[in-house]
Amino acid sequence: MDVESVLVTGANRGIGLEFVKQLLRLPKPPHYVFATYRDEKSIQALEEVKKAYKQTQVVLIKMDIGKTNEIENAKKVVEEIVGDKGLNLLINNAGILKMQVFQEISEENLLRHFSTNTIGPVMVLKEMLPLLQKSAARKTSGMKVSRAAVLNVSATLGSMGARNDLVQAKLMETMGYSISKAALNMAMRVIACTVKDQGILVVNISPGWVKTDMGTSQAVLEVSESISAMMETMQRLNETHHGSFLDRNGNVIPF
């Protein structure tokens with residue numbers, strides 16, 4: 001996978017941190033990896049990764065995706081470094097999961113999920129769009145990650161078409177999360193339609209049930225396994241995948 005610059009949100013732990021690690025281990029790693037975090041007390045792992053890999057400039061950026069001023073500041077940091085080359089790849093990963101069944105659901109739970117998991121990624125993409133457009137404009141045809149792309153980390157729980165016992169059981173436990181991921185899928189479908197003639201590939205992807213703080217130790221996938229599969233899939237993405245919802249191996253998930 002040949003990319004010059006990547007922005008990973010929520011990069012201080014779990015899926016985001018593993019994305020950063022595997023990007024840096026590529027045979028030809030990016031020139032720049034921008035890794036965002038929300039809390040300065042949680043960046044020790046990122047700092048260690050930054051020190052370990054010298055071939056790539058790893059830039060740590062404090063950005064809460066719920067705060068407009070921090071998103072705007074992040075864009076300025078990225079723009080100052082990438083210049084007219086723009087941003088190759090945005091990995092919209094930051095999100096939350098707070099379990100609450102319908103009988104106990106609160107307005108606060110619903111709004112917090114929607115704000116973080118739906119509105120946040122949309123506003124990050126909106127702010128970074130001019131940089132993605134600059135990257136896309138450097139090549140004249142086709143859609144692929146090496147030109148300009150947005151990978152949104154979604155979830156199978158955000159699919160209204162998925163049908164199996166595990167999904168049904170988890171849906172009942174994660175109402176706010178599931179609704180917000182379904183909304184994210186639709187939001188990115190709308191954005192995909194909006195930018196379809198600009199050479200910017202927009203794809204939603206489910207990493208699977210991963211052993212992270214969010215996924216818990218009961219999950220079935222190691223984080224390295226999930227990200228390795230997604231990295232392989234990213235290399236194969238093209239215009240036929242624009243606006244789609246995929247699993248980590250590139251198979252279509254029904255919306």
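Potential lengthening of the chain between GLU72 and ILE96 amounts to 6.5 nm, from the contour at 0.36 nm per residue minus the alpha-carbon distance. On the principal axes of its alpha-carbon atoms, segment 1-42 has extents of 31, 15, 11 Å, going from largest to smallest. Report D for segment 6-142 in µm² per second (integer): Stokes-Einstein, Kirkwood Rh on Cα pairs, 10 °C, 1.306 mPa s. Once the numbers are plugged in, D ends up at 100 µm²/s. When all alpha carbon pairs of segment 58-108 are counted in 10 Å bins from zero, the resulting P(r) reads 18, 39, 21, 15, 7, 0 %. The mean sequence separation of alpha-carbon pairs under 8 Å and at least six residues apart, normalised by the residue count of segment 1-93, gives a relative contact order of 36 percent.
Once Rg and the Kirkwood radius are both taken over the C-alpha atoms of segment 1-75, their ratio Rg/Rh works out to 0.96. Computed 3J(HN,Hα) for segment 116-126, one whole-Hz value per residue from the Karplus formula 6.51 cos²θ - 1.76 cosθ + 1.60 where θ = phi - 60°, is 7, 8, 10, 5, x, x, 5, 6, 5, 5, 4, glycine and proline marked x. Amide hydrogen proximity for ILE61: with H placed 1.01 Å from N in the peptide plane, the residues at 5 or more positions away or on another chain lying under 5 Å are ALA35, THR36, TYR37.
The length gained on full extension between LYS51 and LYS126, counted as 0.36 nm times the residue separation minus their Cα-Cα distance, comes to 23.9 nm. Multiplying the residue separation of GLU104 and THR194 by 0.36 nm and subtracting their alpha-carbon distance yields 28.6 nm. For LYS139, no residue 5 or more places off, or on another chain, has a built amide H under 5 Å of its own.
Within the shell defined by Cβ-Cβ distances under 14 Å, the residues around MET188 carry a net charge of +4, with Lys and Arg each +1 and Asp and Glu each -1. Rounded to the nearest 10 degrees, the angle from helix 223-236 to the longest Cα principal axis of the chain is 60 degrees. Per residue, the chain reaches -13000 deg cm²/dmol at 222 nm when only DSSP H runs of four or more residues are counted, each adding -39500 (n - 2.57). Couplings for segment 98-108, taken from phi via the Karplus curve 6.51 cos²θ - 1.76 cosθ + 1.60 with θ = phi - 60°, read 10, 5, 6, 7, 4, 4, 10, 4, 10, 4, 4 Hz in order; Gly and Pro are left as x. Charged neighbours of SER154, selected by a Cβ distance under 13 Å, balance to +2 (K, R count +1; D, E count -1). Residue ranking by accessible heavy-atom surface, 1.4 Å probe, largest first, among PHE245, PHE255, PHE114, PHE102 comes out as PHE102, PHE114, PHE255, PHE245. Short-range pairs are left out: with C-alpha atoms under 8 Å and at least six residues apart, the relative contact order of the chain is 19 percent. For the set LEU110, LEU60, the ranking by accessible area, highest first and with no ligand, DNA or RNA atoms included, is LEU110, LEU60 under a 1.4 Å probe.
Karplus-derived 3J(HN,Hα) values for segment 61-74, using 6.51 cos²θ - 1.76 cosθ + 1.60 with θ = phi - 60°, are 10, 6, 8, 8, 5, x, 10, 4, 5, 6, 5, 4, 5, 4 Hz; glycine and proline are entered as x.
Based on Cα contacts under 8 Å between residues 6+ apart, segment 97-207 shows a relative contact order of 43 percent. Accessible area per residue for the chain, computed on protein heavy atoms with a 1.4 Å probe, is 48 Å².
Pairs of C-alpha atoms in segment 136-255 farther apart than 24 Å represent 28 percent of all such pairs.
In this structure, LYS28 and LYS62 have a Cβ-Cβ separation that, at R0 = 35 Å, corresponds to a calculated FRET efficiency of about 0.75.
The values are calculated or read from the model by the stated rules, or taken from the named source; none is laboratory data. Everything numeric here is computed off the predicted structure, so don't read it as measured data. Please note: Cβ atoms are built from the backbone with ideal geometry, for glycine as well, and neighbour counts cover all protein chains shown. Please note that ligands, DNA and RNA were not included when accessible areas were found on the heavy atoms of the full protein model with its side chains. Shrake-Rupley method; radii C 1.70, N 1.55, O 1.52, S 1.80 Å.
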